[in-house]
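Beneath this line is the structure, given in C-alpha cells, with notes to follow.
All of the numbers you see were taken from the coordinates with simple rules; none came from a lab. Keep in mind the model is a prediction, meaning the values are calculated, not measured.
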Amino acid sequence: MNQAAVPSSEHALEESKFELFVRVAMLLAVITGMEIVTVYLPFAHSLLVTALVISSAVKFLFVIFIFMHLRWDMPFCTILFFIGLVLAGGTMWALLKLFSATASIPLSSS
C-alpha cells in the first residue's frame, strides 16, 4: 500500500515541476518581449544598456537555476558551475582588455 502512494507522489512532483517550467518559460518570453520593446524606446544609451544587462542577467539566472536543475542539485555542483563561470568571465575580460582598440593602434616610427 505504501508503494502505491510513492508513484502518485512522484507524479505530482513531476507535474508541479512541469507547471514551474511552463511559468518560467512564459516569464522569460515576457522579459524578452520587454527587451525588444526597450531597444526601440528613446532612452539614453547608458540606461538602455543597463536595463538590457540586468534583464539578461535575470533571464540567465532563471535558466541556470530552473532549466539546468541547479536548484535541485547538490550544492557542490552549483559551486563548481559558478567557479567555471567566474573563470570564463575572467578569461573573457582579460582577452577584451588585451585586444582592446588602443592595443591595435600601430606604433609610430618617430
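Couple of notes before you dig in:
- Relative to the current alpha-carbon distance between T91 and S55, full extension at 0.36 nm per residue lengthens the span by 10.6 nm.
- With 0.36 nm allotted per residue and the present C-alpha distance subtracted, the F62-L47 stretch has 3.1 nm of extension available.
- Contour excess over end-to-end distance, with Cα ends at T78 and V39 and 0.36 nm allotted per residue: 10.8 nm
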